[in-house]
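Remarks on the structure that follows.
Read the figures in this text as sums done on the coordinates, not as results from a lab. Values in this document were obtained by computation on a predicted structure and should not be read as measured data. Cβ atoms come from the backbone with ideal geometry, glycine included; neighbour counts cover every protein chain shown.
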Amino acid sequence: MKQSHPQAERARDGAPDGRTERGRQTREKIADAMLSLLDEGETQFPADRVAERAGVSRRLVFHHFADMAQLQDTAIARRLDQLAAQIQPLPTDGPREARVAALVEQRARVLEWITPSRRTMMRIERPSERVEEAVRHVMDFARRRLADVFAVELDRLPGERRTDLLNGLDAVTTWGAWYHWRGSGLDPQAARRTMETTVHALLAVTDRQDDR
């Protein structure tokens, strides 16, 4: 009886062989090298510099990536995946105090972590459509999360007023507000308190709605 080669069986079963796994690890190492430069404020990524940081040859960089633009897209997509991994489910019912605290803790932690690369991305000219689409996806997800966490309060308001409140909550819990507070001299703890106070103040309008 003809014997199957183990590597052929793994390929047939969809399991990665050693070469495929090593290739994946190398691509991640190269993408992480670019991210480390991004976190340090670099906006130009020469292949030689990325290769040196990754501990690989320049030739290997272009073996795994068609060009530096593709590598940049891959690296930023990897950072967004890392961001998504830090986002855990939040409570959608129970006391408002607990829901606000849980949301703010998560947002403050994630926004502080992403600040170095986010600041650098602001200086990169013409980000690719893939990156812009990924960023929009993250922001849309964050807005939907707000609507879920504060559905009880939002649903007390009619039409446009509900949308206005959601817009306000979105504005003070995304990176733009965090960057403003941190750039104004607030340390992370003070910025977190400011976010929490602002969210409570915005939600208080729904209590007045109940009094009508």
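Summary of computed values
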quantity: Extension reserve of the Glu105-Met121 stretch, reckoned as 0.36 nm per residue once the Cα distance is removed; calculated: 3.3 nm
quantity: log₁₀ of I(q)/I(0) at q = 0.11, 0.17, 0.23 Å⁻¹ - segment 6-79, Debye sum with one point per alpha carbon; calculated: -0.31, -0.62, -0.94
quantity: FRET E, pair Arg136, Thr20, Förster distance 35 Å, beta-carbon r, rounded to 0.05; calculated: 0.65
quantity: At R0 = 45 Å, FRET efficiency that the Cβ-Cβ distance of Asp67 and Gln88 yields, to 0.05; calculated: 0.80
quantity: Quotient of C-alpha Rg and 2.2 N^0.38 Å, computed over segment 86-211; calculated: 1.11
quantity: GNM result for the chain, Cα springs below 10 Å: residue of Met139, Met195, Met34 fluctuating most strongly; calculated: Met139
quantity: Whole-number D in µm²/s for the chain (Stokes-Einstein; Kirkwood sum over Cα pairs; 4 °C, 1.567 mPa s); calculated: 64
quantity: Cβ-based charge dipole, segment 86-211, positive-most Cα from Asn167, Leu154, Met122; calculated: Met122
quantity: Computed E for Asp81/Ala204 - FRET, C-beta separation, R0 41 angstrom, nearest 0.05; calculated: 0.65
quantity: Kirkwood Rh, angstrom, segment 28-68 [1 / mean 1/r, Cα pairs]; calculated: 9.9
quantity: Over 17 Å [Cα-Cα, segment 127-183], rounded percent; calculated: 47
quantity: Convex hull (Cα only) mean projected area of segment 67-147, reported in nm² to one decimal; calculated: 5.6
quantity: Lys, Arg +1 and Asp, Glu -1 on Cβ, resulting dipole of the chain about Cα centre, debye, nearest 20; calculated: 540
quantity: Label-point separation in nm, Asp164 to Ala190, each point 7 Å along Cα→Cβ; calculated: 3.2
quantity: Rounded to whole Hz, the Karplus (6.51, -1.76, 1.60) HN-Hα couplings of segment 183-190, x for glycine and proline; calculated: x, 7, x, 6, 7, x, 5, 5
quantity: Label-zone membership for segment 117-158, site Tyr179, 7 angstrom Cα→C-beta point, backbone N under 11 Å; calculated: 117-124
